[in-house]
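All remarks here apply to the structure that follows.
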Amino acid sequence: MLRDFRYAFRSLLHNPGFSLACVASLALAIGITTTVFSAVNSVLLRPLDLPEPGRLALLWGTERRGDTRGVVSFADFEDWRKNIPAFESAAAYTSYDNPVLTTNGPPERLRSLRVSHDYFRVLKAKQALGRFFLPEEDWDGQDNVVVLSDSLWHQRFRSDPNIIGRQVVLNGRPHVVVGVASSNLKSLPKSLASDPPQVYRPVGEERGEKSRDGRHLQAIVRLRPGATIDRAQAELNLLCRNMERSHPDADAHLAVRIVSMKDDLIRNLRGGLVGLQLSVLAVLLIACANIANLLLARSTGRQRELAIRAALGAGTRRLVRMLLAESLLLSCLGGAAGLVLALWGSTALQYASAKVLPDHRSFPFDFHVLAFSAVLAVGTGLLFGMAPVWQVVSSRTEEVLRDGGRSVAGNRRQILRPLLAAGQIAIALVLLISAGLLTRSFLRLRAVNPGFDAHGVLTAGLTLPGARYKTDSSRVQFFENLLPNLRRLPGVTHAALVTPLPLSGDFDTTAMEIQGKVIPAGERSSPDRYVVTPDYFSAVKIPLLQGRLLDRLDDQSHKYVAVISQTAARVLFPGESPIGKKVRAGSANDDWDHSPFREIVGVVGDVAQYSLGQSSRPQLYMPYAQYADAYITVIVRTADDPASLTEPLRHAVLAADAEQPIYDVTPFDALIEDSVAARRFAVWILGSFAISSLMLATVGIYGVISYGVSQRRQEFGIRMALGARPVDVSKEAVAAGVPMILAGILLGLAGSFAIRKLLVGFLFGVSSMDLDSFLGVPLGIAVIALAASYLPARRASKIEPVEALKHQ
């Protein structure tokens, strides 16, 4: 076998063009396939980076017959924690808490996690100093304690060993440091709890039934050894029925679903990643088909050599081993080069997927990825190596020696090469049509008008602490002082406030009652609610359609007013003008009976709140001066680069209040781009694979036609000697490839039609049977394929009859 490999190596060195084409094709295909597998391995196959992750599960509130992922209340959670035997430990938490720290340095907004006392036990964490939370500290009034993360302790408090018992000020309130977590405390995945927390605080829930009504927490559990998800779900179902009877008002239709943490995190990723892996395997198959064609052509040229070896006593097994040694050497060289490409590719893929796969910051090359790459290299070598082996096994030594390894009309039995080329065209066509549909869909989505102009707008989050800004008037006064200063910043044309910000991922819905219409409480409309300052509409250019916009006189000393969207006017007031009508809007925490009715003074255009292209919902705008919220987004518009305003904006806010840092400073345009990140990623990936497959298929077509021309050299020489024109020879050579091209296109169209239903959920504004894609792409492939056929056909037309016939 070593002699075979040495001979194969010398043989490949003597044919550098052939060798380079094979290794480059394999390197590209194996590199792409391994790159994608590194992501599949990291996301789907590797266990979570948490202690004993197989026993971690999540609890989601849901309807009894639904499959939603809702939040839970603390009182319900406590009943589950105490009464489910399958639970070893359980904790409730929420990440919607980012307090401002004003101790030991400048004000800093911290990433925080509010957790119940068992959270650290669920994650099997140890403290570096002090202790973790006690059960009684879960309740409001006893929750002014904190546990610092190891990083915050080192960076902000310089690893002070006497930190336990000291007070730190968060949001203007003193908190006692009771512990410091060790550095080995693993944070929850980003999709479950945002970024790694710097400080941990108790959940601070109210005692009694109020904590049973307020559903705002997530829950994580650790199962006992041997307990299963099914067993825990059965116990939960039984307990929920008992809780319904005990608390009929708060727990009507109560249901909870338990799911393993790993399954929950990959629920929306498994199908896409598996489909992506299958797509790149299709590219790999194209590369294998190409190399099989090249090897068939080369082995056909070596038929006389192989026949002489057989005549001198070499058995079929010996010849097969020699050919396989050559194909395995090619595949190993291609695999090694592909692995280097995959190392670069995984970095690029990690960057491109940062917004799509937030829980996976890297795709490491572990043993599984290296083993996969090795199996690919050996497997592809055996796969494309079978083509010349089959040719050798099926050939007859006597015929080869008698014909001298040549044939005037070519060997009619050589049908495998055009079949492989047709398969390449079919695979490339399927990928190109799919990529075309996704690209057209993405372009249509990007062209959607969001209802506002985000260009030139900078956004920043700001939260006023309740300990220092206890009243609406104090919050309104702060922003009345701040906004004029912001308008005076260089280049700023508008400054305003809004909550929530469109396309930011946040939302706020409210029940609504229309004065004079009797609507049962459970059937009230629930529009999206925005709290804004008057300049907001001008700052983001939301058009006024009817009535007037909000102005500076719409405050607590004047009548309560609101502006609604075009869809709200159409849905809530069909066939009549909404101007002058009065509505009452509240929320779960409002005193509904004492909420004021607001007069509708204007109608504005709809805006995209959740995503581009989604059907518009009713929207309601309330003046900030009449509904002051502590959580707000500051926006400023400038004719210059909005990013240049980051530091001036930060300093302007600190000048108004030295303890108020801004956070999440982002150009508004970037939020729109982030909202379509998943679709852009899909287009980028599938488009790259489709173009790669087209390039490989084009090379394959060229190889088949070129080999056919070389096999028919004597035939073309005879034709030209008998008077055939060069153009006739060219037509004959091109015509030989037409059946192969047509067969590939028909197979590709059939495959595209079969998988089109898989793409329906990813399309926007484009039919899965889009004629432009199903007609334009095959036509383009046909033109490219004919161009690839023309080059060797043109060479055939220049054959000199004397040269072609002198060996005949």
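Before moving on, here are some points about what is shown:
- Length-normalised contact order for the chain - Cα pairs under 8 Å, 6+ apart - percent: 16
- Rounded to the nearest 20 debye, the dipole magnitude of the range 77-205 is 500 debye, with +1 charges on Lys and Arg beta carbons, -1 on Asp and Glu beta carbons, and the Cα centre as origin.
- Loop-located trypsin sites (Lys or Arg not before Pro) in the range 126-200, at most 10 other Cβ atoms within 10 Å (DSSP): R158
- Between 0 and 90°, nearest 10: helix 771-797 axis offset from the chain longest Cα axis: 30
- Summing Lys and Arg as +1 and Asp and Glu as -1 over all other residues whose Cβ lies under 14 Å from the Cβ of S353 gives a net charge of +3.
- Projecting the Cα atoms of F442, P358, S73 onto the charge dipole of the chain (Cβ charges, centred on the Cα centre) puts F442 farthest toward the positive pole.
- On Cα atoms only, tilt of 16-40 relative to the major axis of the chain in degrees: 20
- Debye-formula intensities of the range 67-110, expressed as log10 I(q)/I(0) at q = 0.14, 0.17, 0.34 Å⁻¹, are -0.57, -0.67, -1.16 (one equal scatterer per alpha-carbon, no solvent).
- Against the main long axis of the alpha-carbon atoms of the chain, helix 229-246 sits at an angle near 30°.
- Solvent exposure of the chain, expressed per residue, is 46 Å² of accessible area, with all protein chains present and a 1.4 angstrom probe.
- Given charges at Cβ of Lys, Arg, Asp, Glu: the range 174-287 dipole, positive-most of H247, S183, I286: I286
- Residues R69, R488, R212, R121, sorted by accessible area with the largest first, give R488, R121, R69, R212 [1.4 Å probe; ligands and nucleic acids excluded].
- Charge dipole magnitude, Cβ of K and R +1, D and E -1 - the chain, Cα centre, debye nearest 20: 3960
- Bins of 10 Å from zero: percent of alpha-carbon pairs in the range 14-108: 11, 19, 21, 19, 13, 9, 7, 1
- Solvent-accessible area, 1.4 Å probe, carbon plus sulfur percent, for the chain: 58
- Global form of the range 731-808, assessed from the alpha-carbon gyration tensor, a/c cut-off 1.5: prolate
- Under 15 Å, Cβ to Cβ, from R794 - net charge with Lys/Arg +1 and Asp/Glu -1: +3
- Listed residues L319, P202, L763: farthest to the positive end of the dipole of the chain (Cβ charges): L319
- From the alpha carbon centroid of the range 107-123 to that of the range 1-44 is 50 Å.
- Local charge for F372 was computed over the other residues whose Cβ lies under 15 Å away, with Lys and Arg +1 and Asp and Glu -1, and equals 0.
- Taking a ≥ b ≥ c as the square roots of the eigenvalues of the alpha carbon gyration tensor, the range 642-742 is prolate, as a/c is not under 1.5 and a/b beats b/c.
- Prolate/oblate/rounded label for the chain (Cα gyration tensor, a/c 1.5): prolate
- For the chain, the share of DSSP beta bridges that are antiparallel, to the nearest 5, is 75%.
- In summary, the convex hull built on the alpha carbon positions of the range 150-286 has an orientation-averaged projected area of 14.8 nm².
- Placing +1 on the Cβ of every Lys and Arg and -1 on the Cβ of every Asp and Glu, with no other charges, gives the range 75-125 a dipole of roughly 180 debye about its Cα centre.
The values are calculated or read from the model by the stated rules, or taken from the named source; none is laboratory data. Quick caveat, the model's predicted, so the values are computed rather than measured. Heads up, the Cβs are rebuilt from the backbone with ideal geometry, glycines too, and the neighbour counts pull from every protein chain shown. Remember, those area values only see protein heavy atoms, side chains included, never the ligands or the DNA or RNA. Shrake-Rupley method; radii C 1.70, N 1.55, O 1.52, S 1.80 Å.
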